[in-house]
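Note sheet for the following structure.
The values are calculated or read from the model by the stated rules, or taken from the named source; none is laboratory data. Small disclaimer: the values here were computed from a predicted structure and weren't measured. For neighbour counting, all protein chains shown are included, and Cβ atoms are generated from backbone atoms with ideal geometry for every residue, glycine included. The area values use the complete protein model at the heavy-atom level, side chains included, leaving out ligands, DNA and RNA. Shrake-Rupley method; radii C 1.70, N 1.55, O 1.52, S 1.80 Å.
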Amino acid sequence: MGGEAPEPGRLTRALSALDVPEEALHLVLAHVDDPRDREAASLACRRWHRIDALTRKHVTVPFCYAVSPQRLLARFPSLESLAVKGKPRAAMFGLIPDDWGAYAAPWVARLAAPLQCLKALHLRRMVVTDDDLEALVRARGHMLQELKLDKCSGFSTDALRLVARSCRSLRTLFLEDCTITDNGTEWLHDLAANNPVLVTLNFYLTYLRVVPADLELLARNCKSLISLKISDCDLSDLIGFFQIATSLEEFAGAEISEQRELTKYADVKLPSKLCSFGLTFMGTNEMHIIFPFSAVLKKLDLQYTFLTTEDHCQLIAKCPNLLVLAVRNVIGDRGLVIVADTCKKLQRLRIERGDDDPGMQEEEGGVSQVGLTAVAVGCRELESIAAYVSDITNGALESIGTFCKNLYDFRIVLLDKQERITDLPLDNGVRELLRGCTKLRRFALYLRPGGLSDVGLSYIGQHSGTIQYMLLGNLGETDGGLISFAVGCRNLRKLELRSCCFSERALALAVLQMPSLRYVWVQGYRASQTGGDLMLMARPFWNIEFTPPSTENAGRPMEEDGQPCIDRHAQVLAYCSLTGKRSDYPQSVVPLHPA
């Protein structure tokens, strides 16, 4: 008592040496949920490693080719919950071909039946077929409580109907942003009729047809339903559903149509417990429908509405209890000033770009350092910021570092609409942000050429601290800047680079400087036709996949202005793997290592 705390290594050795009864260790580790704590415990000694394997209930596989299903099963035979991530994030932006891989079949076939305790399965950005879902239902349907298919493709409503009929203990069905073949609405009716314990249903952004009577049946049979996110359906058709769904706390997905008279929405009475809300269409004349319950809202999604900057100001001024806000950059700096003045409890802020749709043009210059600074000063509980901005300064980034001490996720994309940016490079601002936000675990910075010098890139490496995921675009000046960055990244596990000036040799050498790195994806760099220099990073348990540059840029190493030609089609994916070379890569991908 009162003495110095023992060093972590000495403490681990002391604990592992204790003659703690096996039953006691089982009980203790069964209550350790954090994967980092679990990993540390499993490395203490062989005994702890074995008990961790027997008591581990949940595992997230960060990349589906990092480990084989067989190996995972042998390591963790008692899993109750499994999450597997597939295609690189770039797939969400159309940068990965449809036939790239990430097929769910091997995982479902190998794990569904042997894992007797499996109750929850989460697949993200994977190809899931009707046959896969049939195999899963046949093996685990009687026990499955949670099925999440996030941004997946390849299946139809026929498979969903089988899930609905067979999985009668299902509490969560998540299908958001999946590409699903719509063969009819019977799946939703069967789900409502057969699943009385359903708590969460999400088929948002799927374009599946909705029959309001099926939603009413769902509300009548599933008294515990608290979250529903659907595809497009007119809000006035849901009057009966809202009257029955008295436990509902979250709703998103309906629209208010301009084709209908506003009087049709006068009878819409939202459930009294509703505190999370989002519509896929709403304009100025319809937003008054939210006003009566705006003060109790904790989450508001306005990304798919057609509100003006003034509309945002009026609506958000009535929402003082927001914890999560998602908008388009039409909100403008003026709207963000209202957010800063009103939403003192705000924890997560997402600002998407809105200029792709003629009806969602940004006003008054969009979002800039003015709005970001106001939010940083006014919303000091922020934990996550993701924003598309039209302008940014060092001072705004410094303000975020000064006031947002709880920030764990920071992502900024600088749009290229304005010819002149106020304050570039952003070296000092990035340094102060990273110095101040010591809890950051995810960091993304996508700028414009000249946005960050080699010095700024080295600052990111020096102050990366606890950051485990990073996306960088249009940063740095030379290969030396990349190497300086890499030397400082001791804890980085996942790195994505886009539209950078670095050579293949520099990329390979940089990877070797980051001891914790498990995954790197690069697109847009000084690529060769063969990817030969990438072999400098080859080592055991390290896969390197190369997508060659397009022939239109072959033989053109320099642009007309004398700058290096950056081929935006060449891609590199390198990752730690215990399974060796995968067998399902498409013709566009060249596996370099292992040979």
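Report the relative contact order of the stretch 208-278, percent, no decimals, based on alpha-carbon pairs under 8 angstrom and at least 6 residues apart.
Working: 107 pairs, mean separation 24.2, N = 71.
Relative contact order for the stretch 208-278 comes out at 34 percent.
For the pair Ala213 and Arg441, what calculated FRET efficiency results from E = 1/(1 + (r/R0)^6), where r is the Cβ-Cβ distance and R0 = 35 Å, to the nearest 0.05?
Efficiency computed from Cβ-Cβ geometry: 0.20.
Could you check the spin-label model distance between Asp158 and Val296? Points 7 Å from the Cα along Cα→Cβ, value in nm.
4.4 nm
Pull out the extension gain between Val32 and Asp99, defined as 0.36 nm times the separation in residues minus the alpha carbon to alpha carbon distance; nm, one decimal.
My answer for the length gained is 20.2 nm.
So between Asp131 and Asp177, what do we pick up on full extension, going 0.36 nm a residue minus the alpha carbon distance? Present the calculation step by step, with values, prior to reporting the outcome.
Numbers: separation 46, 0.36 × 46 = 16.56 nm, distance 2.04 nm.
Residue separation times 0.36 nm, minus the Cα-Cα distance, leaves 14.5 nm.
Among rounded, prolate and oblate, which fits the stretch 329-484 when a ≥ b ≥ c are the square roots of the eigenvalues of its C-alpha gyration tensor, a/c under 1.5 means rounded, and a/b larger than b/c means prolate?
Because a/c hits 1.5 or more and a/b fails to exceed b/c, the stretch 329-484 counts as oblate.
Divide by every residue of the chain the summed helix terms, -39500 (n - 2.57) for each DSSP H run of at least 4, and state the resulting mean residue ellipticity at 222 nm, rounded to the nearest 500 deg cm²/dmol.
-8000 deg cm²/dmol
What nm distance separates the two modelled labels at Gln314 and Val590, each placed 7 Å from Cα along Cα→Cβ?
Each label point lies 7 Å from its Cα, and together they span 5.9 nm.
Return the subset of Lys148/Lys299; Lys298/Lys344; Lys85/Lys298 for which the Cα-Cα distance in this structure is over 23 Å, preserving the input order.
Beyond 23 Å: Lys85/Lys298.
Taking 0.36 nm per residue of separation and subtracting the Cα-Cα distance, what length does fully extending Leu73 through Ser583 add? Before the final figure, lay out the partial values.
Working: separation 510, 0.36 × 510 = 183.60 nm, distance 2.05 nm.
Stretched out fully, the Leu73 to Ser583 stretch lengthens by 181.6 nm.
List every residue whose amide H lies under 5 Å from the amide H of Phe502, counting only residues 5 or more places away in sequence or on a different chain, with H placed 1.01 Å from N in the peptide plane.
Arg526
Pairs of Cα atoms under 8 Å, at least six residues apart: use those to get the relative contact order of the chain, whole percent.
Reported as a whole number, the value is 6 percent.
Tell me the carbon and sulfur percent of the accessible area for the chain, rounded to whole percent, probe radius 1.4 Å. Present the calculation step by step, with values, prior to reporting the outcome.
Working: 13330 of 25920 Å².
Roughly 51 percent of what the probe reaches on the chain is carbon or sulfur.
Which of the pairs Lys57/Lys494; Lys57/Lys223; Lys494/Lys581; Lys318/Lys405; Lys87/Lys269 have their Cα atoms more than 30 Å apart in this structure?
Lys87/Lys269
Mind checking the per residue accessible area of the chain for me, 1.4 Å probe, whole number of Å²?
On a per-residue basis, the chain sits at 44 Å².
Compute the distance in nm between two label points, each set 7 Å from the Cα along the Cα-to-Cβ direction, one at Met535 and one at Val377.
Roughly 5.8 nm, to one decimal.
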